[in-house]
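For reference, the structure is listed below as structure tokens.
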């Protein structure tokens, strides 16, 4: 089964993602005109040749204080100065990458299509260690703990969760979970608490594993398979969860969105929902893009709907990202959309790419910049400033 699983995952991803290739598929919504309330200005662009083309790979960048580390499917690692877009260093791994970049300023982590986790020393830009794991890794490895107790937490497509030694990649522990025969291609990164790694599984369950031994602290069903066909019964948790205090906010495909107390594994609230992209949380709201491309703001305390923006139907919209008073999303046609966090109306828009070179990874925010990565690997940084209106200036 393991040898066929990557093919099955890719096939299902194509079936579910190929909007416009099926006469019965919902056509992408045409963009509507509006009066801009903010100005988007490009600060710089860079071409590190680190793209994913049309492959279904989530090669997110690693953000450091003033640098961004990017990875391409062919193994090119590039370090970009966020202040000016200059590519300050590059590294050729000559490996087909499937995940990355994870880690921190002390260790960069990527993973290969052949099931290797690669740790890179940031100081020397050389490989520190490699570790072969049971199968392909599709989510960036994460670093847990501190000091001598640091470890690398990894997920694989065949249901393994592993803890690897920070210094040499040796195995600390491994947990194996049985997965459904058919799943979406993709997975979310583990979310870390002080004592646990919380992992969303393809069977709709969320599990908390102790960092020291991999012991299951709790296991809950966020989503339950329903329907007769295998596609109807897909309940993957592929979208990124977000931790706010002791509450974890998570969403599943064809399942539920919920707030879960990480100390007990108990639901604070839950409601029916379907998303592959995950959630973003602030003091008051949970922001999420559903499977149709509709953007929602839900009350963080009870899950009630605050507002919904449905003008981007079927445009394969990314997870929302917070930028000041705004929400940012990208779409399949390479358009960056800026929405009001207060009520979801559009305030600005920028055409960064096109239908052959869209935005697959959510925009990232660092300092006062919004950084957008396109499928071909090009990176663009923007600033967003509120337009001065007559009302703002106090003039009659």
Q: With springs connecting C-alpha atoms under 10 Å apart, model the chain as a Gaussian network and identify which of 33, 168, 368 has the largest mean-square fluctuation.
A: 33
Q.
For the stretch 127-180 and the stretch 81-107, what is the centre-to-centre distance using only Cα atoms, to the nearest Å?
A. 19
Q) Along its principal axes, what span do the Cα atoms of the stretch 314-355 show, with the longest given first and each in whole Å? A) 29, 17, 15
**Q.** Rh by Kirkwood over Cα pairs, then Stokes-Einstein D for the chain at 0.692 mPa s and 37 °C, µm²/s
**A.** 153
(Q) If every alpha-carbon in the stretch 57-181 counts as one equal scatterer, what log10 I(q)/I(0) does Debye give at q = 0.11 1/Å? (A) -0.35
Q | Over the stretch 57-181, relative contact order from alpha-carbon pairs under 8 Å, at least 6 apart, % | A | 15
(Q) Distance between the C-alpha centers of the stretch 192-207 and the stretch 217-285? Whole Å please. (A) 10
Q) Gaussian network model of the chain, Cα springs within a sub-10 Å range: biggest mean-square fluctuation belongs to which of 37, 74, 355? A) 355
(Q) Restricting to DSSP H runs of at least four residues, report the calculated mean residue ellipticity at 222 nm for the chain, -39500 (n - 2.57) per run over all residues, nearest 500 deg cm²/dmol. (A) -1000 deg cm²/dmol
Q: Over all alpha-carbon pairs in the stretch 101-157, figure out the percentage whose distance exceeds 20 Å.
A: 20
(Q) Can you give me the convex hull volume of the Cα atoms of the stretch 61-106, divided per residue and expressed in Å³? (A) 67
Q | Residue of 283, 343, 376 that the Gaussian network model of the chain assigns the largest fluctuation, springs spanning Cα pairs under 10 Å | A | 283
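Bear in mind these aren't lab numbers, they're just calculated from the coordinates by the rules spelled out. None of the values given here were measured: they were computed from a predicted structure.
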